[in-house]
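Encoded as structure tokens, the structure appears first; notes follow it.
The values are calculated or read from the model by the stated rules, or taken from the named source; none is laboratory data. Being a predicted model, the structure only gives us computed values, none of them experimental. Every residue, glycine as well, gets a Cβ built from its backbone with ideal geometry; the counts of neighbours run over all protein chains shown. These accessible areas exclude ligands, DNA and RNA; they are computed on the full protein's heavy atoms, side chains included. Shrake-Rupley method; radii C 1.70, N 1.55, O 1.52, S 1.80 Å.
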Amino acid sequence: MKIPNGHEVIQLFEQFSPKGLAMEGDKIGLQIGRLNKKVERIMIALDVLENVIDEAIEKNVQLIIAHHPIIYRPLKNLLTDTAQGKMIEKLLKHDIAVYAAHTNLDVAKGGVNDLLAAALELKDAEVLVPTFDTKLKKLVVFVPVGHAEEIRKVLGNAGAGFIGNYSHCSFSANGMGRFIPGENTDPYIGEAGRLEEVEEVRLETIVPELLLKKTITAMIKAHPYEEVAYDVYPLENKGEVLGLGRIGKVPEMTLGEFAEKVKTALDVSNVRVVGDLSSKIKKVAVLGGDGNKYFMNAKFHGADVYVTGDIYYHTAHDAAMQGLNMIDPGHNVEKVMKKGLTATLQKMCQESGYIVEIFPSEVNTDPFQFI
């Protein structure tokens, strides 16, 4: 067990929510501070506002991982007598780094939209707006017979071998490996300058391109050989489709009943509703944040109601004319990511042997109140 540095934590996090999943031009990654330091306390936040920063200072946090970027528009200057400048000054003075994961966390499996779908208890949920086709690679490695099972497990645990709902898929065939260790080598089997023959297993599996580097690193670390023989092949097979929003089924109920369910499930006191409250709901689309421009995706996929934030007046009219009900619980419901990401990152750190405390921000960052 060890206390990790910021780079090690973020490397883990990006295995779960890779930067490559983000929409073009999104402002993600390290925005303030540095990662080349020990990190013992991490706070997960939806927004980075002054009350969140004060909370981080009080709790002796070294790293904030936030969903909404603190710097979204380019800064022309940094004046510490402005609201944003004052916040950045506080962060720098207390050596608190801020890392933003925005649309990549929306798209990621287990990210914001999956957490919202789970909270609403959607069954058979699928991607609403595809944005990313996962590219696949075939990884082949040659392993001494006695280590084949261990390497097979390492590959599966690193994310290789997933085909549909099946995990740890692989194929193996036995054969004879031959090699001559050169000078200044320290072979696991054999002697320098002498031809060696070893019964080996050809082990092959499928790996998403986003996880290839991580998988190869884990494989080499676990492999007994000083020099690991492996091959990587591109595949034409279609990988998993990832994207924004989710669409799934719920037990039949009225729009009014479902609106009450949304309030309870997403912990809000009020929602805005477009449509006849007595209309029947069976199929639900949900998209965290501002989902105005995707309402026709929900209609196209047969949704009876579309749950998203920041619904515009004219979008509501357009949806109503299309016969699509809408529920707006507010942008702040993305706060579901705080507890969800805390649990995910805690598990990843524990499995990696990292001693680090991770917890969600407790302050309210919703700018709206209803009276």
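Quick check on Glu227: is it within 24 Å of the chain's Cα centre (by Cα) and more than 21 Å from Tyr306 (Cα to Cα)?
When the stated conditions are applied, Glu227 does not pass them.
Of the candidates Ile358, Ile327, the single residue that is farther than 21 Å from Ala56 by Cα and open to solvent by less than 20 Å² (accessible area, probe 1.4 Å) is Ile327. In a residue-by-residue description of the range 16-32, the property of being assigned to a loop (DSSP other than H, G, I, E, B) and of a type in the set (Val, Ile, Thr) applies to at least one position. Would you check if there is a residue in the range 271-285 being within 15 Å of Leu116 (Cβ to Cβ) and crowded, with 22+ Cβ neighbours inside 10 Å? Checking the range 271-285: at least one residue is within 15 Å of Leu116 (Cβ to Cβ) and crowded, with 22+ Cβ neighbours inside 10 Å. When you check Ala218 against the structure, is it closer than 15 Å to Val143 by Cβ, small (Gly, Ala, Ser) and modelled with pLDDT under 95, yes or no? Taking the combined requirement at face value, the residue satisfies it.
Give the residue, chosen from Ala101, Ala45, Ala97, Ala66, that is crowded, with 19+ Cβ neighbours inside 10 Å and under 26 Å from Phe162 (Cβ atoms). Answer to the selection: Ala101. Taking the options Leu128, Leu92, Leu139, Leu115, name whichever one is surrounded by 20 or more Cβ atoms within 10 Å (Cβ to Cβ), out of contact with any Phe, Trp or Tyr (no Cβ under 8 Å at 6 or more places or on another chain) and of a type outside the set (Val, Ile, Thr). The unique qualifying residue is Leu115. Leu35: assigned to a loop (DSSP other than H, G, I, E, B) and either small (Gly, Ala, Ser) or touching a residue at least 24 places away in the same chain (Cβ under 8 Å) (or both), yes or no? It is true that Leu35 is assigned to a loop (DSSP other than H, G, I, E, B) and either small (Gly, Ala, Ser) or touching a residue at least 24 places away in the same chain (Cβ under 8 Å) (or both).
List every residue pair whose Cβ atoms lie under 7 Å apart, where the two residues are 6 or more positions apart in sequence or sit on different chains, the first residue falls within the range 294-316 and is at positive phi, and the second residue, located anywhere, is open to solvent by 50 Å² or more (accessible area, probe 1.4 Å) and modelled with pLDDT of 95 or more. Close Cβ pairs (under 7 Å, with a partner that is open to solvent by 50 Å² or more (accessible area, probe 1.4 Å) and modelled with pLDDT of 95 or more) amount to Gly302/Lys283; Asp310/Asp290; Asp310/His331. Out of Gly256, Gly243, Gly239, one residue alone is without any contact (Cβ under 8 Å) to a residue 24 or more places away in the chain and either surrounded by 19 or more Cβ atoms within 10 Å (Cβ to Cβ) or out of contact with any Pro (no Cβ under 6 Å at 6 or more places or on another chain) (or both). It is Gly256. One residue stands out in the range 220-257 among those that are of a type in the set (Val, Ile, Thr) and assigned to a strand (DSSP E or B): the one that is farthest from Lys280 (Cα to Cα), namely Val232. For beta carbons closer than 6 Å, sequence separation of 6+ or different chains, a first residue in the range 193-218 that is basic (Lys, Arg) and a second that is assigned to a helix (DSSP H, G or I), the qualifying pairs are Lys214/Gln15. Exactly one residue out of Asp276, Asp318, Asp304, Asp328 is under 27 Å from the mean Cα position of the chain (by Cα) and not aliphatic (A, V, I, L, M): that is Asp328.
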